[in-house]
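Trainee: What follows is a single structure, and I will ask about it in a moment.
Any read-out appearing in this document is the output of simple, stated calculations on the displayed coordinates, not a laboratory observation. Since this is a predicted model, take the numbers as computed values, not measurements. Positions of Cβ are generated from backbone atoms using ideal geometry, with glycine treated the same way; all protein chains shown enter the neighbour counts.
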Amino acid sequence: MLDLHTHSTFSDGSDTPTQLAEKAHDLGISAIALTDHDTTLSHAEMSAACSKLGLELVTGVEVSLRDTEFPRERDGVKKPRNVHVLAYFLPLDAEHPLQKKLALLRHDRDSRNHELVNVLQEKGFEDLTLAYLTEMTGNVDSIGRPHFARAMIELHPTLIGEQNEDTWNRVFTDWLGTEGAAYVSKTSMPIEDFVDAAKGSGTVFSIAHPLVNYVDEINPSSIETEMPRVMASLRERGFAGVEAYYGGTSAGIRALMVKLTRDAGMIPTGGSDYHGTYKTDVLLGLGRTGDLRVPDEVLAELKSAR
């Protein structure tokens, strides 16, 4: 069993890399990719922990990029689509062009976080400060929207409304998500810029949670209509994989996505998108529904695509 999409305290996960490796080992996961947002700084600790436990580690990262080929239209205006991309086997040398792109993305994230603090304060979340978020995470570079959500709930519960099991999702829907009252876009870097920076490095790209990125209504009909042309475009632009085994979808949808991915001549990658306590309904290795199983042969295919 594999899990090729996980997060640690170096981005928006609640587990340290060591804790993540230990949990993966206990679950019988054979190989894991730590795909923190915009950074591979978690790799050293994760590598040491995995080596100690006999767990295979795939170097990874998740980044938010703009896709101009499939723009979103709102109020009659077309804008580039914000999508998440997974990169595997990327170089760790800080001077490599791909790592310099990651540094730019971290700078964009920092700018977005400052702006988001200001927007939220203007909307009544006056006690929410960057200092509070930094103390929460222990690292200003790792601050993400889950940390904002936690701070909003902790500091201003009356503004959030009734506290129940739907509170967390409501914070994103009403405030932090793309349609939320406080949404601030993070980056304007096109997919092509990031992929081009990896040429010759052996990095393999897969589109993360593709249905979240590209399909407005997630049902078999919409998926079969929209995804083949998306996959064809991504393949032309240097992608080898599609996260067909995504931990947030049902077994039936996963099976359909695997078929479409194979039909497109691409690799169906997969993972839980584990964030620890920030997504309590998502289990490491097993996803949201508990029945996720990413086949071991997927990793062999990814290695062959390097």
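Trainee: At 0.36 nm per residue, minus the direct Cα-Cα distance, what do LYS259 and VAL119 gain on full extension? Give it in nm, one decimal, please.
Mentor: 46.1 nm
Trainee: Next question, about the same structure. Of the listed values (i) 39, 20, 17; (ii) 32, 23, 16; (iii) 28, 23, 20, grab the one calculated as semi-axes √(5λ) of the Cα gyration tensor in Å from the structure here.
Mentor: (iii)
Trainee: Pull up the cross-link candidates among the lysines for LYS79, meaning alpha carbon to alpha carbon under 25 Å and not fewer than 8 places away within one chain.
Mentor: Straight-line reach from LYS79, under 25 Å: LYS101, LYS186.
Trainee: In a GNM of the chain with a 10 Å cut-off on Cα contacts, which of LYS52, LYS186, LYS279 has the highest mean-square fluctuation?
Mentor: Maximum fluctuation in the GNM of the chain, among the listed residues, is at LYS52.
Trainee: Now for a different question. First measure r as the distance between the Cβ atoms of SER250 and GLU69, then evaluate 1/(1 + (r/R0)^6) with R0 = 41 Å and state the FRET efficiency to the nearest 0.05.
Mentor: Result of the calculation: an efficiency of 0.90.
Trainee: Let me check I've understood the local charge: for HIS7, count other residues with C-beta under 10 angstrom from its C-beta, Lys and Arg +1, Asp and Glu -1. What total comes out?
Mentor: Neighbour charge sum, excluding HIS7 itself: -4.
Trainee: Quickly work out the GLU95-to-ASP196 label distance, labels modelled 7 Å from Cα along the C-beta direction, and quote it in nm with one decimal.
Mentor: In this crude spin-label approximation the distance works out to 2.3 nm.
Trainee: Right, something else. Between LEU20, LEU256, LEU105, find the one with the highest GNM mean-square fluctuation for the chain; connect C-alpha pairs within less than 10 Å.
Mentor: LEU256
Trainee: Something else: Between the DSSP loop rule and a limit of at most 12 other Cβ atoms within 10 Å, which GluC sites (Glu not before Pro) in the stretch 166-247 are left?
Mentor: Passing sites in the stretch 166-247 are GLU179, GLU217.
Trainee: What does the charge add up to near GLY247, with Lys and Arg as +1, Asp and Glu as -1, over the other residues with Cβ less than 14 Å from its Cβ?
Mentor: Spelling it out: positives minus negatives among the neighbours equals -2.
Trainee: Tell me, what ³J(HN,Hα) does each residue in the stretch 231-247 have, in order and in whole Hz, if you take phi through Karplus 6.51 cos²θ - 1.76 cosθ + 1.60 with θ = phi - 60° and put x for Gly and Pro?
Mentor: Per residue, the Karplus-derived 3J(HN,Hα) values read 4, 4, 5, 5, 4, 4, 9, x, 8, 9, x, 9, 6, 6, 8, 8, x Hz.
Trainee: So how compact is the stretch 160-225: Cα radius of gyration and Dmax in angstrom?
Mentor: Rg, Dmax (Cα atoms, Å): 17.0, 52.
Trainee: Right, another one. Between beta-carbons, use under 13 Å as the cut-off and find the net charge around TYR274, counting Lys and Arg +1, Asp and Glu -1.
Mentor: -4
Trainee: So, R0 is 25 Å and r is the distance between the beta-carbons of ASP174 and LEU104; what FRET efficiency does that work out to, to 0.05?
Mentor: 0.25
Trainee: Enumerate by residue number the GluC sites (Glu not before Pro) in the stretch 85-137 meeting two conditions: DSSP loop (anything except H, G, I, E, B), and at most 12 other Cβ atoms within 10 Å of the site's Cβ.
Mentor: Sparse-neighbourhood loop GluC sites (Glu not before Pro): GLU95, GLU126.
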